[in-house]
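The values are calculated or read from the model by the stated rules, or taken from the named source; none is laboratory data. Only a predicted model underlies this, so the values are computations on that prediction, with no experimental measurement involved. Methodologically, a virtual Cβ is constructed for each residue, glycine included, from the backbone with ideal geometry; neighbour enumeration extends over all protein chains shown.
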Amino acid sequence: MTVEPVQAHAKINLFLAVRGRRADGYHDLDMVNVEATLTDTLRFRVRAVPGIEIECSAPDIPKGPENLIWKAAVLLLGHSPEPGISIELEKKIPPGAGLGGGSSDAAVTLRTLNRLRNLGRDDDLHELAARIGSDVPYSLVGGLCRCKGRGEQVERLMPTDSSRPWLYALLILPETKVGTAEAYRWLDKEKIEDHSAPGDLIDAIRSRDVDRISLALHNSFDTVVSRCVPAIAKIKAAVQAEIGREPHLSGSGSSLFLVGSSQEELVEMRNRLETVLTTGSIRFEVVRFLI
Ligand code: C5P
């Protein structure tokens, strides 16, 4: 069994409000998520020996049980499947950046193994996804969704219309990583409960009004992460000074983004930012949203 490469898309939170901490330690959220054209590539192959193997050339990616791909494969096939399975991962989505790369890889693994091995577990995939991580159920659905609960209540807002691309983003990817659990602890310490709702953003998306979308972007982590991670505060200030707009975090960071209506506009912004963001190593990506 060898399959065509499968793409796992990055996720961006256009809206993320952390409502508050729950009794189980997780936080209730209200999010609007969208996929972007930054992808990891996964290749699935049969292995001569039983078991699960992850191959990835990136040194900072775990190849064992800590990798969400591994968790997904074990949930579907058990620890020592026969025939064995080898999953090659080509990593483009930076880890620890709030772009849901690991969750997206896991969702692709669930979907692909279910299909390739004819497991017929379509009805179980959502529940398995939620056991792997809070963002994995969204990644199974993809496109533009509103996600609530701890992230596992996923509602598709509209079908993706690839025939007329209209919304793009410039991703600003600092080397600094932000740990998700730690960022939630920072919020808890300040007892932040954010009750903003994404109605305005969703209206702006439905009317394809990019300026209004830009103004309606929201993330509860913006203030607290800027305060706790000086490198991010510096980037935000430099972008605000150069472009006149505040970039927002995706997830708890460390990635930041600005939206625009064309690739050209964002390439121009990237060129300007490259001349002012000269400390540290920052990667930029211009992406299209699957919306
Ligand atoms: O669900 P996942 O394993 O991706 O979450 C990672 C960590 O992020 C959790 O251990 C928890 O500390 C935090 N989290 C949270 N509330 C959520 C999602 C994640 O507190 N809704």
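For the stretch 159-181, enumerate the residues that are over 27 Å from Val267 (Cβ atoms) and either in contact with a strand residue (DSSP E or B) (Cβ under 8 Å, 6 or more places away or on another chain) or touching a residue at least 24 places away in the same chain (Cβ under 8 Å) (or both).
Within the stretch 159-181, Gly179, Thr180 meet the criteria.
May I ask you to list the residues in the stretch 180-207 that are away from the ligand (no atom under 16 Å from the Cβ), loosely packed, with under 15 Cβ neighbours inside 10 Å and either in a helix (DSSP H, G or I) or of a type in the set (D, E, K, R) (or both)?
Listed by number, the residues that qualify are Gly199, Asp203, Arg206.
Filter the stretch 106-146 for residues that are acidic (Asp, Glu) and surrounded by fewer than 24 Cβ atoms within 10 Å (Cβ to Cβ) and give the result.
The answer is Asp122, Asp123, Asp124, Glu127.
So is Phe284 under 22 Å from the mean Cα position of the chain (by Cα), within 25 Å of Glu175 (Cβ to Cβ) and crowded, with 21+ Cβ neighbours inside 10 Å or not?
no
Would you mention how many residues in the stretch 126-168 are closer than 25 Å to Pro247 by Cβ and β-branched (Val, Ile, Thr)?
1
Restricting attention to the stretch 208-243, and to residues there that are of a type in the set (Lys, Arg) and surrounded by fewer than 17 Cβ atoms within 10 Å (Cβ to Cβ), which single residue is nearest to Thr278 (Cα to Cα)?
Kept after step one, since they are of a type in the set (Lys, Arg), are these residues of the stretch 208-243: 208, 212, 227, 234, 236.
Retained after the next criterion (residues that are surrounded by fewer than 17 Cβ atoms within 10 Å (Cβ to Cβ)): 208, 212, 227, 234.
On the way: Arg208: 34, Arg212: 30, Arg227: 21, Lys234: 11 Å.
Of everything passing the filter in the stretch 208-243, Lys234 is nearest to Thr278 (Cα to Cα).
Of the numbered conditions (1) farther than 18 Å from Cys147 by Cβ; (2) modelled with pLDDT of 95 or more, Val32 fails exactly one; give the number of that condition.
For Val32, the exception is condition (1).
Give me the pairs: first residue in the stretch 4-21 and farther than 24 Å from Gly199 by Cα, second residue at pLDDT 95 or above and within 16 Å of the ligand (Cβ to nearest atom), beta-carbon distance under 6 Å, and six or more apart or on different chains, which are they?
Listed by first residue and then by second, the contacts come to Ala8/Ser104; Ala8/Asp105; His9/Ser104.
Just checking, does the stretch 208-216 include any residue being in contact (Cβ under 8 Å) with a residue 60 or more places away in the chain and over 16 Å from the mean Cα position of the chain (by Cα)? Steps first, answer last, please.
As a first pass, look at the stretch 208-216 and keep what is in contact (Cβ under 8 Å) with a residue 60 or more places away in the chain: 213, 216.
Pick out the ones that are also over 16 Å from the mean Cα position of the chain (by Cα) and you get 213, 216.
Yes, there is a match, as at least one residue in the stretch 208-216 is in contact (Cβ under 8 Å) with a residue 60 or more places away in the chain and over 16 Å from the mean Cα position of the chain (by Cα).
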